[in-house]
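Trainee: This structure is in structure tokens; I'll ask about it shortly.
The values are calculated or read from the model by the stated rules, or taken from the named source; none is laboratory data. The structure displayed is predicted, hence computed values, not measured ones. Every residue, glycine among them, receives a Cβ derived from its backbone with ideal geometry; neighbour counts consider all protein chains shown. Accessible surface areas use protein heavy atoms only, side chains included; no ligands, DNA or RNA. Shrake-Rupley method; radii C 1.70, N 1.55, O 1.52, S 1.80 Å.
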Amino acid sequence: MSPILQIALALGSVVGLMGLMAGVRHLAGTWQIGSEVQRKLVHIGTGIYALTLPWLFPDRWPMYLLVGLTLVVMLLLRLPNSRLGATLHSVERQSYGDFLLAISVGVCLFLAGDQLYLYVLPIAVLTLADAAAALAGSTYGTKFFRVEEGEKSLEGSAVFFTVTLLISVICLMLMTSFAPLNIIVLSLMVAGFGTLVEAASWRGFDNLFLPVGLLIFLSAHGTSTLGELVFLAAIFALSIVAFKIVAPKFGLNAHAVRVYVTSIFLLLAVTDPQNTIFPILVLVAHIWSRSVAPCDSKYPDLDVVAALVLVSLGFLTLGKAMGPTAISFYGIAAMGMLMGFCAIAASACRPVVRFPMVLALALTLFAIREGVVRLNPDSANWNGPMWPAVFTCIALTGLGPMIFPHAFAKHRVVKLTVLALLIPLPYYVISTGF
């Protein structure tokens, strides 16, 4: 297929998406379909079409063009008085699901590469299992649990687990050469992990966290031995039990527990243990900072996980796009976030002990990073020790919140995340010769 035809197909796909939304909007007025059902119908139609993209387009770049055009359309539909946009945005709860669905399709296409099951399985789960769970929960749900400002049902989660299990078994049987027992265990883990991600997501973040989380998990453990998979499943179960016991002591609600378990398990499942130290300590430092110096965020425990996941995903995608691994630069960013939360917590102390405490924390982080660098292979440390970047990042994220703590009372997580990225993100781009 010529490039012109592929561009025309991408443009036609966007027109088709708008036509789907217009059709759903028209049927909603005729059949009195609720706004949530309208959104799910568009979600299903978009997801099913997305599953065909690797076979419709011979090249990858038109698919990325399609994703970019879709994001522009979604942005325009959020403008005030957009009647067509009401199909997606008339739900009462705040949601970024439309943006995140388009982004997840592009990210999954990119990260999956030539291993199509890494794209098909996550997008199929997002499209079919999520819709089935929503339908079952809204129709037959009787036992509900809180998620941010809304609620989900146990019945919906059970349907999600079942549909995901079936999708996983079918995809892995048809698209891989994995051993039958591995397929069964892997599918059970995909269903369990996916159900927890879906149950823990909020504001439409499941449209990103679910497919990308499944893709990362499958790419890391699709070829693991049966014994390794069983051991990983045991760790997953123990993590849930441990957090259930410990979380109330730190003021975490049930939703935050599910979010923390999911994020920590994914970190432990996809990278070496030493590279999870800083991200996990970010969560601990956040709990410390918000207990001694509360911020104005309504859901700070969820905000920090969203920021950590987006930073992790961003460096993962950037590393794959640029070539050299970004794990060391990601570690500096996570270290900066950790330093920032610790500095905010220390700012609640008396001035006479504030600076010595922050200095001691900074030295401790230097020591931890040195240990992480020594444990990582040479390929992860391809740019050397990067001490100037480390010192600068520590100084920015440590001194700023300590000297101006009131500046971080509002939008704390966003500000600390941006501050932590100021050095390692451009440094990585420059170091790779972009």
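Trainee: Which residues, taken from region 47-79, are β-branched (V, I, T), touching a residue at least 40 places away in the same chain (Cβ under 8 Å) and more than 14 Å from L109 (Cβ to Cβ)?
Mentor: I48, V73
Trainee: Could you name every one of the helices (runs of 4 or more DSSP H) located completely within region 1-119 that has at least 1 residues being at pLDDT 80 or above?
Mentor: Here the list reads 3-31, 35-51, 53-56, 61-77, 97-112.
Trainee: Filter region 316-343 down to the residues that are surrounded by fewer than 24 Cβ atoms within 10 Å (Cβ to Cβ), part of a helix (DSSP H, G or I) and not β-branched (V, I, T) and list them by number.
Mentor: Once the filter is applied, which keeps residues that are surrounded by fewer than 24 Cβ atoms within 10 Å (Cβ to Cβ), part of a helix (DSSP H, G or I) and not β-branched (V, I, T), region 316-343 yields L316, L318, G319, K320, A321, M322.
Here's the yes/no breakdown for (1) open to solvent by 30 Å² or more (accessible area, probe 1.4 Å); (2) part of a helix (DSSP H, G or I); (3) in contact (Cβ under 8 Å) with a residue 60 or more places away in the chain:
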residue	(1), (2), (3)
A345	no, yes, yes
V353	yes, yes, no
L359	yes, yes, no
A367	yes, yes, no
E370	yes, yes, no
F391	yes, yes, no
I394	no, yes, no
V418	yes, yes, no
